[in-house]
1. Which ones in region 191-216 are part of a loop (DSSP other than H, G, I, E, B), within 16 Å of ligand 2 (Cβ to nearest atom) and under 20 Å from Lys15 (Cβ atoms)?
2. What are the pairs with Cβ atoms under 9 angstrom where one residue, in region 47-65, is within 16 Å of ligand 3 (Cβ to nearest atom) and the other, located anywhere, is of a type in the set (D, E, K, R) and at pLDDT below 95? Sequence gap at least six, or different chains.
3. For region 169-190, which positions are within 15 Å of the chain's Cα centre (by Cα), polar (S, T, N, Q) and in a loop (DSSP other than H, G, I, E, B)?
4. Kindly indicate whether Glu73 is more than 15 Å from the chain's Cα centre (by Cα) and either touching a residue at least 12 places away in the same chain (Cβ under 8 Å) or not in a loop (DSSP other than H, G, I, E, B) (or both).
5. Looking at Val75, is it surrounded by fewer than 21 Cβ atoms within 10 Å (Cβ to Cβ) and touching a Pro at 6+ places or on another chain (Cβ under 8 Å)?
6. Quick check on Glu219: is it of a type in the set (Asp, Glu) and within 15 Å of ligand 2 (Cβ to nearest atom)?
7. When residues of region 243-281 are filtered for being within 16 Å of ligand 1 (Cβ to nearest atom) and either at pLDDT below 95 or part of a strand (DSSP E or B) (or both), how many remain?
8. For region 190-241, what are the residues that are touching a residue at least 60 places away in the same chain (Cβ under 8 Å) and farther than 25 Å from Val100 by Cβ?
Amino acid sequence: MIVTTKLLFEHAYGKYAVGAYNINNAEQAMGLFKGNIDAKSPFIIQISKGARAYTDKRMLEGIIRACDEIFPEAVFAVHLDHGDEQTCYDCIDSGFYSSVMIDASHDPFEENVAITKRVVERAHAKGISVEAELGQLGGVEEDIQVDEKNAHLTDPDEAKIFVEQTGCDSLACAIGTSHGAYKFTGGQGIHFDVVGEIQKQLPGVPLVMHGSSSVPEDEVARINAAGGKLKEGAKGVDIKQYLPAAKLGVCKVNIDTDGRLVWTRVLREFFLAKPEDFDLRSSGKIFIPEYAKFIVSRSEALGSAGQL
Ligand code: G3H
Ligand code: 13P
Ligand code: NA
Ligand code: ZN
């Protein structure tokens, strides 16, 4: 059942976080639904601009509608990840999305406010909620690459003004994480002091953590042992930090890279072991339950398991 993102956040706020997982194809969708049903967990499916362009935006819609029928016990929202203004309007007008993210975080503050405000107006008129972003995460997203030195954390005072001026429903904050497989070089992690300050300025406003993949060491090792060449020092967020972040108002935890790693590991190991195989279903049949198992483990770490 597709529900509003607002409903999921109201249920989760201050208690647990909802996992928001990117999908690009039917295999990811199948694993995602199976895993969340096994865990009895609500979830968010998020679709990026790149995912909409990969096959066709209607393909993912069709897959999600089919999954909704195949898995009637699933409770989820559909969200546009990192949208620009035009893509937000396209998703709002389609009537399919529960929420959209307008990401004008790379623009100056005033511009970010103006763009976000326009999107909020159009979205709210249709009962769709809006995630906006303030601050700069490091790493790669879409076609934008932000160097660590240009990344900066969200300013809590600015966050308060931003939410007041834009009327956005949730706020993506830069709190030390970054997109992709290379987040931390040493023992860093989430800046809980900053999250706490933001929550103090914005009590009750759902916060969103991007760049939340954990980049498991054993996953990277298996990929490289099977012929991969992921660089040394791939390091992500400790999943034990999800729940403490949730207690500080983080309601949505975005996970994409970890899913790509499961895919890469399954395919590399499969073709290494079975070089004569050319049936795409053979590896797909391994990926779907492996991805479902991964989703169960994340639901447990997020505290969303058992919430249905
Ligand atoms: O933050 C970006 C997400 O991981 C989506 O990645 O734009 O390559 O689909 P993508
Ligand atoms: P990861 O690269 O850590 O999976 O982050 C995904 C994300 O933030 C999608 O918006
Ligand atoms: Na951003
Ligand atoms: Zn992101």
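The values are calculated or read from the model by the stated rules, or taken from the named source; none is laboratory data. Just so you know, these numbers come straight off a predicted model, no measurement behind them. No Cβ is skipped: glycine too gets one built from the backbone with ideal geometry, and neighbour counts run over all protein chains shown.
1. Selection gives Pro206, Ser212.
2. Ser48/Glu141; Ser48/Glu142; Lys49/Glu142; Gly50/Glu142; Gly50/Asp143
3. Once the filter is applied, which keeps residues that are within 15 Å of the chain's Cα centre (by Cα), polar (S, T, N, Q) and in a loop (DSSP other than H, G, I, E, B), region 169-190 yields only Thr177.
4. Here the answer is yes, as Glu73 does meet what is asked.
5. yes
6. Yes.
7. The number of residues fulfilling the criteria is 4.
8. Ile239, Lys240
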